[in-house]
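The values are calculated or read from the model by the stated rules, or taken from the named source; none is laboratory data. Just so it is clear, the model here is predicted, and its values are computed rather than measured. Heads up, the Cβs are rebuilt from the backbone with ideal geometry, glycines too, and the neighbour counts pull from every protein chain shown. The area values use the complete protein model at the heavy-atom level, side chains included, leaving out ligands, DNA and RNA. Shrake-Rupley method; radii C 1.70, N 1.55, O 1.52, S 1.80 Å.
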Amino acid sequence: MSDLVQREAAAIREQWLGQALSTLPADRPAAEAAISELYRLIGLPPPRFRWVPSPVAGLTTVPPGARIRESVERMADWPVPGRFAALVRELRKELDARIRPAQDPIDRLIHQNVLFPLSRSVSTTLVPPLQAAHDGPFRQDWYGLQHWVVRYDALRRVAGVAFTGPQLERLGLWATLAGSCGWWWPRESVCVVSERPVAIHTEVWGDDGEVRLHCADGPAVRYADGWDLHYWHGTRVPPWVITDPDVRRIADEANVEVRRCAIEHLGWASYVERAGLRLVASAPDPGNPGSELRLYDMRKGTRVLLAVNGSVERDGRRRRYGLTVPGFLDDPIDAAGWTYGLSAAQYSLLLRRT
């Protein structure tokens, strides 16, 4: 596959990702026009629109007499999404028929270089707030970016697949929705549509430009109604982890992942000093020449091994991190081997730990 095709695919991926992560106000006229036309295509008149400032507000905006949340959680039972699904299946069948065997290699490249990394980014940036709003399992059928739309847009632009005018018009309705508003919930007579966040902070974490939520000094996602969420390198955390990661709160925290994030934010060296952890032993790291392993008492029956990452981070530094190990381990090299399921002798033979 030529470098030009790969560059075009990467540009399309970045364009759609930028659109998905947009914090601009929704284009309400465009979104309403697209949704109204989709309703017409399934034989229904345009719905009334209820715009809400955030997904959590959307889950409390339900028809009169319906129970809050329960109505949305049972979205699979609503008639409109099912009819939309049939509409999409019909369109995709038509579009697939336009793809020729000679265009299959580019289609595979699009899946690998566009759809896969885009899907990973969306699942770690846009889906988590929706999951938090639901506070439980949910169906994602009609939320946010429809990845199948991106596939056909890329096939048209990169592979030159010739879709018909009517097909492009229907595809354009879904593309318009992906770029003009946030989440939306379709009922027979009313459609609830959410605004996009007013702020979203991410970091690159994948080889193909995948991003995830992260902000070291405030909410990673914030909506106009004040609803916000804090994330540390892709992990959702309570606000105190970002605003005040003190030793007492870390000690009282039951969730091991939240504790880890808070300690990382505070910094392992600072945490060890403030918590007054007792150094059990230290030793040169045979799996990472030039670095040191340090083993500390942490709590009853548990010790923590401080090590330095064998690979360089994106910012050019080597990250110091801690791993909890059983309290019976007294030797840092034994502890390092234990984390890999190896003996100390086996760990010492590693060429380089990453």
Whole-number accessible area per residue in Å² for the range 131-285, which is evaluated in the context of all protein chains at 1.4 Å: 43
Stokes-Einstein D (µm²/s) once Rh is taken as the Kirkwood radius of the range 1-50 over alpha-carbon pairs, at 10 °C in 1.306 mPa s: 116
Angle between the chain longest axis and helix 3-20 axis [Cα atoms, degrees, rounded to 10]: 80
For residue 192, distant residues with modelled amide H under 5 Å away: 50, 185, 187
Vicinal HN-Hα couplings computed from phi for the range 200-212 (Karplus, 6.51 cos²θ - 1.76 cosθ + 1.60; Hz; Gly/Pro x): 8, 10, 9, 9, 6, 9, x, 6, 10, x, 4, 10, 9
Calculated from backbone phi, Karplus (6.51, -1.76, 1.60) coupling profile of the range 92-102 in Hz, x at Gly/Pro: 5, 4, 5, 5, 4, 5, 8, 8, 8, x, 5
Burial ranking of peptide ranges 179-186, 290-297 (average Cβ count within 10 Å, highest at the top): 179-186, 290-297
Peptide ranges 97-109, 208-220 listed from the most packed, as the mean C-beta count within 10 angstrom indicates: 208-220, 97-109
The range 185-285, relative contact order in percent, only Cα pairs under 8 angstrom and at least six apart counted: 16
Inter-label distance for residue 320 and residue 92, nm, one decimal - labels placed 7 Å from Cα along Cα-to-Cβ: 5.0
Kirkwood-based shape ratio for the range 177-323, expressed as Rg/Rh from alpha carbons: 1.10
Base-10 log of normalised Debye intensity for the range 236-318 (one unit scatterer per alpha-carbon) at q = 0.23 Å⁻¹: -1.18
MRE, 222 nm, helices only [DSSP H, n ≥ 4, -39500 (n - 2.57), over the chain, to nearest 500]: -12500 deg cm²/dmol
Under-5 Å amide H pairs with residue 293, H placed in peptide plane, nonlocal only: 283, 285
Stokes-Einstein D in µm²/s, Kirkwood radius over Cα pairs - the chain at 20 °C with 1.002 mPa s viscosity: 91
Built amide H within the under 5 Å cut-off of residue 202, gap 5+: 214
Listed peptides 85-96, 166-177 by packing density, highest first (mean Cβ within 10 Å): 166-177, 85-96
Length added when fully stretched, residue 134-residue 164, from 0.36 nm per residue minus Cα-Cα: 6.9 nm
Where Rh is the Kirkwood radius over Cα pairs, Rg/Rh for the range 81-131: 1.10
Three semi-axes of the equivalent ellipsoid, the range 201-262, Cα gyration tensor, whole Å, largest first: 22, 16, 8
Acute angle (nearest 10 degrees) that the helix 165-180 long axis makes with the longest principal axis of the chain, alpha-carbon atoms: 40
Acute angle (nearest 10 degrees) that the helix 256-266 long axis makes with the longest principal axis of the chain, alpha-carbon atoms: 70
Per-residue HN-Hα couplings for the range 114-123 [Karplus 6.51, -1.76, 1.60; θ = phi - 60°; Hz; x = Gly/Pro]: 10, 5, 5, x, 5, 4, 5, 5, 5, 5
Dipole axis of the range 86-239 (+1 Lys, Arg; -1 Asp, Glu on Cβ), positive-most option in 159, 183, 133: 159
